[in-house]
Amino acid sequence: MNKKLIAAAITAAVVAAPAAFAESVVYGKFHTSIDKVDFEDGTDNYQVNSRASRLGFKGSEDLGNGLKAIYQAEFSVQTDGNDGGVGQDGGDGWGGQRNTFIGLAGDWGTFLVGRHDTPAKVAFYASGNERLGDSVIDLNRGNTINASNGRQGIGVFSEYRADNAIAYVSPSFGGFTVAAAAVPGEDGNGGAEDDGLADHWSVGAMFNSNGLKASVGYQSTEVADVEQEVFQVGASMTMNAFSIGAQYEDTQNYGQVDDQDYTAWALTGKFTFGNNAVSLVWTDAEADDAYDQTGWGLAAEHNFSKRTKVYAAYAANEVDYDGGDQFDDDVFSLGMIHDF
């Protein structure tokens, strides 16, 4: 084919694309770190890690009378290649599915169906205590310093993204918002009796006004006739360049184990100056007849723009098991984040 014809075809496609996808948005976040780890299990090395990097597509259609159809599809991207080896043959580069749903939105609020953060998780983030999300000072129990031997990082709080969620989020009333979700058990996924519309469910309430962020969340999940109940409450206050906050969690039948209780605390702070910020996090958790855990983290970040930042962070964690074992892990991390 003539090169001019090829160029013309490409130009036509580029010009036509905005019209075809005028109400769709491609977005994402790349977050990668270089980590120096020193773990009790003998691991002492350098690692390159992708930290909840993601790629998504979202959009809406105006249906008239203030009503919109909405959708989102979001997936994890492994910016480190998802492979521990060396060479040209890396991993597949993709992780799991993140929030993916379809729904309706209007002045009355938002209704959605699909895979989504539970209202308890939404409320957790609304408290404003996550100071440098997905880094080594993240408060989420899933962001571990070291997952070997079942040990966790300084993160001590439960977060849950539910499949099959049926959720509603209210509009803001003077800074106050509520959310609720029902999650069907789908005939045996969590036990033979889990066949209802709301075998698992969650609610959350959030407030944001005049520098104060506060939230409360509750979540019930039942597996094999054991109901795990998670209650969380948190608040933070921003005054000029300073922000301080606290978070608490109480979990009954933790890990779907009868009579296993779990409690967690965190104190957080952040000081912002110019395009820079320094964050400090302290966490503490206790699982009955299992272990006590204490961690702390410090991070300094520089924002080149609203979308791009670099940071340095340090986190240390100590776990004392009731059986007498003790583990001390720490990690130093240099990271970069770009939102698009």
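May I ask which of Lys29/Lys58; Lys68/Lys213; Lys68/Lys306; Lys68/Lys309; Lys29/Lys121; Lys36/Lys309 have a Cα-Cα span longer than 25 Å here?
Numbers: Lys29/Lys58 14 Å; Lys68/Lys213 28 Å; Lys68/Lys306 28 Å; Lys68/Lys309 34 Å; Lys29/Lys121 19 Å; Lys36/Lys309 20 Å.
Checking Cα-Cα distances, Lys68/Lys213; Lys68/Lys306; Lys68/Lys309 exceed 25 Å.
How much FRET efficiency would the formula 1/(1 + (r/R0)^6) give for Ser172 and Glu229, where r is the Cβ-Cβ distance and R0 is 35 Å, rounded to 0.05? Could the numbers behind the result be given before it?
Numbers: r = 28 Å, r/R0 = 0.79.
So, using R0 = 35 Å, E works out to roughly 0.80.
So if each residue of separation counts as 0.36 nm, and I subtract the Cα-Cα distance between Asp41 and Leu212, what length gain in nm does that give? Don't skip to the answer; put the middle values down first.
On the way: separation 171, 0.36 × 171 = 61.56 nm, distance 4.16 nm.
Extra length available between Asp41 and Leu212 comes to 57.4 nm.
7 Å from Cα along Cα→Cβ at both Leu63 and Leu280: what's the point-to-point distance in nm?
5.1
Which whole-Hz ³J(HN,Hα) couplings does the stretch 35-43 yield from phi under the Karplus relation 6.51 cos²θ - 1.76 cosθ + 1.60, θ = phi - 60°, glycine and proline marked x?
Coupling constants for the stretch 35-43: 10, 9, 10, 9, 9, 4, 6, x, 5 Hz.
By the scheme Lys and Arg +1, Asp and Glu -1, what is the net charge of all other residues having a beta-carbon under 10 Å from that of Ser333? Don't skip to the end; give the middle numbers.
Values: positive: Lys36, Arg51; negative: Asp35.
Charge balance in the 10 Å sphere: +1.
Once you have the Cα-Cα distance between Leu298 and Val257, take 0.36 nm times their residue separation minus that, and quote the gain in nm to one decimal. Let's see the in-between values first.
On the way: separation 41, 0.36 × 41 = 14.76 nm, distance 3.37 nm.
Gain in length upon complete extension: 11.4 nm.
Please work out how much length the chain gains when fully extended from Gln326 to Met237, using 0.36 nm per residue of separation minus the C-alpha to C-alpha distance, in nm with one decimal.
Details: separation 89, 0.36 × 89 = 32.04 nm, distance 3.53 nm.
Extra length from Gln326 to Met237 when fully extended: 28.5 nm.
For Glu286, what accessible area in Å² do you get when you roll a 1.4 Å probe over the heavy atoms of the protein chains, rounding to the nearest 10?
Per-residue accessible area (Glu286): approximately 90 Å².
Using a Cα-Cα cut-off of under 19 Å, which aspartates and glutamates could be cross-linked to Lys270, ignoring same-chain neighbours fewer than 8 residues away?
Cross-link targets: Glu130, Asp134, Asp138, Asp284, Glu301.
Here are several values of volume of the Cα convex hull per residue in Å³: (i) 185; (ii) 136; (iii) 152. Which one was derived from the coordinates shown?
(i)
Give me the net charge of Val37's neighbourhood, meaning all other residues with Cβ under 9 Å from the Cβ of Val37; Lys, Arg count +1, Asp, Glu -1. Write down the numbers at each step before the final one.
Values: positive: Lys36; negative: Asp35, Asp38, Asp44, Asp329, Asp330.
Overall, the nearby charge balance is -4.
The values are calculated or read from the model by the stated rules, or taken from the named source; none is laboratory data. Keep in mind it's a predicted model, so treat the numbers as computed, not measured. Because the Cβ atoms are built from the backbone with ideal geometry, glycine has one as well, and the counts that use them run over all protein chains shown. To get the accessible areas, we keep the full protein, side chains included, count just its heavy atoms, and leave off ligands, DNA and RNA. Shrake-Rupley method; radii C 1.70, N 1.55, O 1.52, S 1.80 Å.
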